[in-house]
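Enquirer: My questions will all concern the structure given below.
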Amino acid sequence: MLTNLKKSPRILLISGRPGSGKTTLVAEAAAAVGGRAGGFYTREVRAAGQRVGFEVVTLDGRQGRLAHVEVKGPYRVGKYGVDLEAFEAIGVDALERAVREKELIVIDELGKMELFSARFRRAVEAAIKSGKPVLATVMLTPHPWVDGLKAHPDARLILLTPENRAQTRAEIGAWLRAWGLLAEPDSSPRPPG
């Protein structure tokens, strides 16, 4: 297995257009690893069929607001005000605990809203320095801090598209197996019935 680890990047970054399925793939991978993974993912908050914000969901089931149209304050992305206090109390806390306690660190996402938090950036840097595998989604648009992470020598960046979604899912599974986080697929014949 050590041979696989030397060939497999430690940091797997998934980028793509909004709605391309980045969060879905990361959430599937985290579910497959189970309690050995820690961190968070984000999801839309909708009301009356309209997106009104985003929430952060930790892999241990805690939830909190990331951004909402009703949040006022200096941290804004488009029509959304970012709730740094809630994000740091839930999402960043989950990331810091994952660095200390888990085998796989999951971050969804490294985006404009999250990057307003200096504590978040420090937690990501700690994750990168931890030596543990990191699975993260990253913003598609250029950003100096994120671009530095994309260029990290231990990172592999995958651009997710509708055409390569199945291939990317398989690549994430292979990456998790290379890091000993998933069992090898069972190729033995199954008895009938």
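The values are calculated or read from the model by the stated rules, or taken from the named source; none is laboratory data. Note that the structure is predicted; figures quoted are calculated from it, not measured. A quick note on method: Cβ atoms are made from the backbone with ideal geometry, for glycine too, and the neighbour counts reach across all protein chains shown. With ligands, DNA and RNA removed, areas are computed over all heavy atoms of the protein, side chains included. Shrake-Rupley method; radii C 1.70, N 1.55, O 1.52, S 1.80 Å.
Enquirer: Can you go through Gly61, Gly78, Gly111 and tell me which one is free of Cβ contacts under 8 Å to residues at least 24 places away in the same chain and under 19 Å from His143 (Cβ atoms)?
Expert: Every option except Gly78 fails the conditions.
Enquirer: I want to confirm something. Restricting to segment 69-85 and keeping residues that are surrounded by 19 or more Cβ atoms within 10 Å (Cβ to Cβ) and not small (Gly, Ala, Ser), which single residue is farthest from Gly53 (Cα to Cα)?
Expert: If we take residues in segment 69-85 being surrounded by 19 or more Cβ atoms within 10 Å (Cβ to Cβ) and not small (Gly, Ala, Ser), then Leu84 is farthest from Gly53 (Cα to Cα).
Enquirer: Give me a count of the residues in segment 31-57 that are more than 24 Å from Lys79 (Cα to Cα), of a type in the set (A, V, I, L, M) and crowded, with 22+ Cβ neighbours inside 10 Å.
Expert: Residues in segment 31-57 being more than 24 Å from Lys79 (Cα to Cα), of a type in the set (A, V, I, L, M) and crowded, with 22+ Cβ neighbours inside 10 Å: 1 in total.
Enquirer: Being within 21 Å of Leu157 (Cα to Cα) and of a type outside the set (A, V, I, L, M): is that true of Thr141 here?
Expert: The answer is yes for Thr141.
Enquirer: Return the pairs, sorted by first residue and then second, in which the second residue is open to solvent by 20 Å² or more (accessible area, probe 1.4 Å) and not aromatic (Phe, Trp, Tyr), the first residue lies in segment 14-31 and is at negative phi and assigned to a helix (DSSP H, G or I), the beta carbons are less than 6 Å apart, and the residues are 6+ apart or on different chains.
Expert: Listed pairs, sorted by first residue: Leu25/Arg169; Ala30/Leu59.
Enquirer: Separate question: Give the residues of segment 89-110 that are acidic (Asp, Glu) and buried (at least 21 other Cβ atoms within 10 Å of the Cβ), sorted by residue number.
Expert: Once the filter is applied, which keeps residues that are acidic (Asp, Glu) and buried (at least 21 other Cβ atoms within 10 Å of the Cβ), segment 89-110 yields Asp108, Glu109.
Enquirer: While we're here: Out of Arg65, Arg51, Arg46, report the one residue that is of a type in the set (D, E, K, R), outside any helix (DSSP H, G or I) and under 24 Å from Thr161 (Cβ atoms).
Expert: The match here is Arg51.
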